[in-house]
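Please read the structure below before turning to the comments.
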Amino acid sequence: MTARRRWTPPEQLVDWLVLFAVLITAWQLAHWWAGDVAMTTPFGTIAYSVKTLLSAEFWPNVWATFSAFLIALALASAGGVLIGGILGYHRLSGEVAEPILVGIYSIPKVTLYPIILLFFGIGIEAEVAFGALHGIIPIALFTMNAVRNIKPVFIKTALVMRLGPRELFFSVLMPASMPEVFTGLRVGFSLTLIGTLLSEMFGSRSGLGFMLMNAIGMHDMDVIMSVTLLLALFAGLINAGLLMLDRHLHRAPVQATMLGG
Amino acid sequence: MRVKRVTKLRILVLIVSFVVVELLCQFGLIARFTMIPPSEMVIGIVGLLLSGKLNEDMATTLSSVGIALVASVIVGFAAGVVIHSFRRVRRTIDPLLATYYSVPVFVFYPIFIVLFGLTDIPKIVIGFLYAVAAVVINTLNGLDRIPPVLVKTGRIMGMTRIDIALRIVLPFAAPYLFTAVKLAIAYSFIGVIGSEFILSNRGLGYSISYAYNNFDNLTMYSLILFILTFVLIINMTLHSWEKKLMQRRGFA
Amino acid sequence: MGAHGELRHVTRVYPGNAGQPPLHALGPIDLDLKAGEFFGVVGPSGCGKSTLLEVIAGLAPVSEGEVLINGAPVGGKVVDGVGVVFQDDASFPWLTVRDNIAFGLRRKGIPEHEVAGTVTDAIALMGLAGFEKAYPAQLSGGMRQRVCIARTLVRQPQLILLDEPFGALDQQTRLLMGDELLNLWRQTGATILLITHALDEATMLADRVGVMSSRPGVFLEIVETGWSRDRDSRIVSETRFGEITARLWTLLREESMKAMNMEKKTR
């Protein structure tokens, strides 16, 4: 059996370069198989992406998507942490609510979108609502678990030190639950983004989702591939950053987490 | 018993919610064109099912989900086993797996439509892509947790590697593999129905979208409720199985 | 400097909830804890040892009787001057060793320059020098317990309660930690009550050992060890050590079997 040893940075770098090369090659092969009409080349896409980034029409769409996304994220985070905190603190409510939350989490929320449209009308409110709906559940679930899993011995220690309720909350309960809550926020980030994009793809007149759907209609592969690439890069990079923060907070390696699964 | 009391409370919460929404609709506090009363939704579902109008859509959606599910479980499981055996590959792929779900898989849907046309294939692929990572991650998770001491016990007993794999590794990792399948089912549904919704020409998701565009609230809500109930029942059943399995092992 | 503790006819009954009958966990207990003494508590599992500690510390209320520390009733609230080291690792994973130990002092509002000096002394005393900036996750179980002990000590408690603090450690480390504990006891002059399941540990460390019965726990007997204050782990080789330990086991053996049967019945 191979002995466990730490991978040195040069080895890691080689691994990532290899991964990168494999992905690019697979992409190029897919292009040769599918033809120009169906898929653009890696280099062509990158070139077009750069052109897109520099174009004037691109940024208003980005702004449309991200303003909706950020509001949705704020709502999902605040709401999720609050709900999760209450459910974690009050055992009975938490036990009653958990399967309900898990159930909502597992259904294809896309099917709820028409309901949201009927209630909010087409516009940014519906996007925000839909995005927030996606994010609030995992944040609530993770926060609930974080609060539940605070080691009782921490609270006892604080009691022995005669800490008042405010001090108990800010110097013990909050830091103790922070790593887990942060994981929830990280997952919520990705899901809220998905929700916002989805709502745009279905019914919107601006934003990146709209750009994509529009491009399908016009069979514009360049736009489709480059917007997809830019979105994937953005989401991937931000998530990688959040993941590193997550590991740091946990002060231990974090395995690839499921979406709360 | 405490457990039963929690269940009773939960059912009470759900019934109360149902009644509240029903009353809000019946008394016009929620406009009819926004939402129809839940009771009418239920009647609508029964009507649709009995009339057989749903059959074609159900067949499309369920068959797509089924294919995506089977493919993702087989490929995901195999990939998980392979990745687990080669530590270097694991280290390389790990960042990909960790950030996999941060990229909205649906953004690739347009690409597949262009590639395969507006058939069932793009949504199956999306369902597959959505589910396969969950299977891989949970397979890896399960294989990770096998205490080396169990494998050592097998070797001391003189078991062959295949024997150990089948009689020790597999049963031990079973609850995690179960989790993997449970998630694969949920995600296949999300992937397929979501795709049908965004752009498709048949299937349950498509029918909802069609009903919406035609201001047919009755059909729309009935379908939505039907899908939600259907998927919910499946997921909750699997979830409680999973809990029992985990509890027996002392994990829950 | 050590606090004087008194338990008068103390009982603790956990109220039943949702269909479970009330649980008579502890008592009646009568105990006179002499100022500055080292008191050991041994007993079978489930006998209420931890409950005893919680009641003395003021973490749990009594159902009957009263707990007095230095003459003042405790009344279910933690009084000043009590320190507790728990069985579970209570080191805060989000703080460094230094910040962990300083935590209690900072909460008291002690000025920072004083805190720094006191913490440095405690770190040296507990053999944690060089690990100030480390996080608990990087330390072994024994080191983490030392952090918890240090955190308790810097507040200069007059009564220190320890609940199986060395439970997770191997025998040899335990003996050495016992030596350290005796040192601290002599230096601070505090009253110490230590709960342990290891009979030899109780024999070595304590001036008196209270032997508890199975649940509901009462004191069957309080055994005097009569060691001098200067003792250390080398007393294990004395004849009297074996006699005292044997006496403890004679008292405990039947109670332990009773406790095991009780456990079988509840399955």
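The values are calculated or read from the model by the stated rules, or taken from the named source; none is laboratory data. Bear in mind the structure is a predicted one, so any value in this text is a computation, not a measurement. Here the Cβ is made from the backbone with ideal geometry for all residues, glycine too, and neighbour counts use every protein chain on show.
Observations on the structure shown:
- Verdict on B:Val151 being in contact (Cβ under 8 Å) with a residue 60 or more places away in the chain and out of contact with any Cys (no Cβ under 6 Å at 6 or more places or on another chain): no
- Filtering A:Phe142, A:Phe169, A:Phe189 for residues that are surrounded by fewer than 18 Cβ atoms within 10 Å (Cβ to Cβ), among the aromatic types (Phe, Trp, Tyr) and either within 13 Å of chain B (Cβ to nearest Cβ) or in a helix (DSSP H, G or I) (or both) leaves a single hit, A:Phe169.
- Considering C:Leu53, C:Leu59, the condition of being closer than 11 Å to C:Leu193 by Cα, within 14 Å of another protein chain (Cβ to nearest Cβ) and modelled with pLDDT under 95 is satisfied by C:Leu53 alone.
- Subset of the stretch C:103-127 (residues that are within 12 Å of chain A (Cβ to nearest Cβ) and assigned to a helix (DSSP H, G or I)): C:Phe103, C:Gly104, C:Leu105, C:Arg106, C:Arg107, C:Lys108
- Qualifying positions in the stretch A:145-166 - among the polar types (S, T, N, Q), assigned to a helix (DSSP H, G or I) and closer than 27 Å to A:Val96 by Cβ: A:Asn145
- Checking each residue in the stretch C:230-267 for being surrounded by 13 or more Cβ atoms within 10 Å (Cβ to Cβ), under 21 Å from C:Met204 (Cβ atoms) and basic (Lys, Arg) picks out C:Arg231, C:Arg247.
- Residue check, B:Met35 surrounded by 13 or more Cβ atoms within 10 Å (Cβ to Cβ), modelled with pLDDT under 90 and part of a helix (DSSP H, G or I): no
- Subset of the stretch C:159-183 (residues that are of a type in the set (A, V, I, L, M) and modelled with pLDDT under 90): C:Ala168, C:Leu169, C:Leu175, C:Leu176, C:Met177
- Looking only at the stretch B:66-96, residues that are in contact with a Lys or Arg (Cβ under 9 Å, 6 or more places away or on another chain) and either among the hydroxyl-bearing types (Ser, Thr, Tyr) or modelled with pLDDT of 85 or more (or both) come to 3 in all.
- When B:Thr60 is tested against (1) more than 12 Å from every other protein chain (Cβ to nearest Cβ); (2) of a type in the set (S, T, N, Q); (3) under 30 Å from A:Leu92 (Cα atoms), exactly one condition is not met: (3).
- None of A:Gly195, A:Gly184 is away from every other protein chain (no Cβ under 11 Å), under 16 Å from the mean Cα position of the chain (by Cα), in a helix (DSSP H, G or I) and buried (at least 17 other Cβ atoms within 10 Å of the Cβ) except A:Gly184.
- Number of the condition not met by B:Val103 [criteria: (1) more than 8 Å from chain A (Cβ to nearest Cβ); (2) closer than 30 Å to A:Phe234 by Cβ]: (1)
- Options C:Gln138, C:Gln172; residue that is assigned by TED's automatic domain parsing to the domain that holds C:Glu114 and more than 21 Å from C:Arg208 (Cβ to Cβ): C:Gln138
- Verdict on B:Thr139 being at the interface with chain A (Cβ under 8 Å from one of its Cβ atoms), farther than 30 Å from B:Asn55 by Cβ, buried (at least 24 other Cβ atoms within 10 Å of the Cβ) and in contact (Cβ under 8 Å) with a residue 60 or more places away in the chain: no
- All positions within the stretch A:226-237 that are within 7 Å of chain B (Cβ to nearest Cβ) and either buried (at least 19 other Cβ atoms within 10 Å of the Cβ) or touching a helix residue (DSSP H, G or I) at 6+ places or on another chain (Cβ under 6 Å) (or both): A:Thr228, A:Leu231, A:Ala235, A:Gly236
- For B:Ser209: the one exception among (1) among the polar types (S, T, N, Q); (2) closer than 19 Å to B:Glu56 by Cβ; (3) surrounded by fewer than 23 Cβ atoms within 10 Å (Cβ to Cβ): (3)
- Of the residues examined, B:Leu223 is not one that is more than 7 Å from chain A (Cβ to nearest Cβ), touching a residue at least 60 places away in the same chain (Cβ under 8 Å), part of a helix (DSSP H, G or I) and farther than 21 Å from B:Leu62 by Cβ.
- Any hit, the stretch C:128-150, residues being part of a helix (DSSP H, G or I) and touching a Gly at 6+ places or on another chain (Cβ under 6 Å): no
- Boolean, B:Ala174 is part of a helix (DSSP H, G or I), within 16 Å of the chain's Cα centre (by Cα), among the aliphatic types (A, V, I, L, M) and more than 9 Å from chain A (Cβ to nearest Cβ): no
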